[in-house]
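Where a number appears in this text, it was derived from the coordinates with a stated rule and is not lab data. Just so you know, these numbers come straight off a predicted model, no measurement behind them. Here the Cβ is made from the backbone with ideal geometry for all residues, glycine too, and neighbour counts use every protein chain on show.
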Amino acid sequence: MIRQHTLALTTDGRGSYEITGQIQPLVRQSGIGAGLCHLFVCHTSASLMVMENADPDVRHDLETLLARLAPDGDPAYRHTLEGADDMAAHARTLLTQVSLTLPVSDGRCRLGTWQGVFLYEHRYRPHRREIIVTLHGE
Amino acid sequence: MIRQHTLALTTDGRGSYEITGQIQPLVRQSGIGAGLCHLFVCHTSASLMVMENADPDVRHDLETLLARLAPDGDPAYRHTLEGADDMAAHARTLLTQVSLTLPVSDGRCRLGTWQGVFLYEHRYRPHRREIIVTLHGE
Amino acid sequence: MIRQHTLALTTDGRGSYEITGQIQPLVRQSGIGAGLCHLFVCHTSASLMVMENADPDVRHDLETLLARLAPDGDPAYRHTLEGADDMAAHARTLLTQVSLTLPVSDGRCRLGTWQGVFLYEHRYRPHRREIIVTLHGE
């Protein structure tokens, strides 16, 4: 059995947004007991992340590191027309994930105790983002 | 339904090569309407990337960043027998993806407007690279 | 056909541990000829990696690079309560993979000649880690 949904989300600009609570109901409604839940973000400046969802400082510190690894407005960039954050956003997307697959067991995504699923917006300004959710299993 | 193909590609050395046009016909020919398309690169110094395919400067700038994050010929490397680019190529592979899953809707990979699928060759010299394409769905 | 297993592993602390030999028997026993093998690590400070498994220096050098990209005990971190390695472990997890899908052909994971599958422990101390293995195919 295959079920497919489009999840449309509006972000408030750069930062990570937990979407676990929007994924689990889709799994439950599908009636799939065991299988997989695949997420795909249809953008090149936003990505997906499975991360600790207890202490928000974790995501603050990830921001600090990503800002070092893929600096905004780096003088070496050639792709600069869309602003200081655009090329950095592409690089952050490369270093994280656009595609993520989660196991489904007993009718829900089987995440670890501290794991949450996040959409990571890498642009400064708010954006509308689409995630394709594909569920399959039996 | 499961369909599997081996895509053999020859690269001209370091750089990213768009393969969207080689993936979509395999999806179409499979007759799968809704499902998933999985790609796996059978190498440890080449990887897969979903990235902006409009402005080639984006991929130029990604090269600039990857060269900083995983420098060629870094004096700290122990794995040096196969040349200055070899250990860097393994590290670039780790920081990107060997495995990538794309949603299939209406008989094609459902990519965003600006998304292309790329094979990323991390070695200086031309190589023959194999990608296993696994399609499943209904 | 869907088959699901939980693989429980004990690590001796930071480093990568090859698990190819624990995955292949699960594939063989499933009776699946062609399909996919999905791995998911249920933790936020350990990850999965497909990497060269011939020369152990490769993994030594990856450690060198990850220690630069996500330094232990960085003074900028706010998430420090669980030790100098904890925030670095979350960042290393983000830069690598919690989810990995491998193609199954002829009843086994179809890996390249030099590819091995590794659990990457990012904490200093030994930990018990769970990986959910989901096999599907025909």
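Checked against the criterion of being small (Gly, Ala, Ser) and touching a Pro at 6+ places or on another chain (Cβ under 7 Å), the candidates B:88, B:84, B:70 yield just one match: B:88.
Could you tell me which of the residues C:35, C:13 is farther than 24 Å from residue A:110 by Cα and touching a residue at least 40 places away in the same chain (Cβ under 8 Å)?
The unique qualifying residue is C:13.
Residue count for the stretch B:24-57 satisfying the condition of being in a loop (DSSP other than H, G, I, E, B) and of a type in the set (Asp, Glu): 1. The residues of the stretch A:24-39 that are surrounded by 16 or more Cβ atoms within 10 Å (Cβ to Cβ) and within 14 Å of another protein chain (Cβ to nearest Cβ), listed by number, are A:26, A:27, A:30, A:32, A:34, A:35, A:36, A:37, A:38, A:39.
How many residues are among the aromatic types (Phe, Trp, Tyr), within 13 Å of residue B:41 (Cα to Cα) and assigned to a loop (DSSP other than H, G, I, E, B) when one looks only at the stretch B:104-138? Of the residues in that region, 0 qualify. The residue that is farthest from the other protein chains (Cβ to nearest Cβ), counting only those in the stretch B:107-137 that are closer than 30 Å to residue C:32 by Cα and among the small types (Gly, Ala, Ser), is B:107.
Of the residues A:73, A:21, A:13, which single one is assigned to a loop (DSSP other than H, G, I, E, B) and either away from chain B (no Cβ under 13 Å) or farther than 30 Å from residue B:54 by Cβ (or both)? One residue alone meets the criteria, A:13. For residues that are assigned to a loop (DSSP other than H, G, I, E, B) and at the interface with another protein chain (Cβ under 7 Å from one of its Cβ atoms), scanning just the stretch C:76-103, find the one that is nearest to residue B:135 (Cα to Cα). The residue in question is C:98. For the stretch A:60-78, does any single residue satisfy the condition of being buried (at least 19 other Cβ atoms within 10 Å of the Cβ) and β-branched (Val, Ile, Thr)? Within the stretch A:60-78 (the criterion being buried (at least 19 other Cβ atoms within 10 Å of the Cβ) and β-branched (Val, Ile, Thr)), the answer is no, since none of the residues qualifies.
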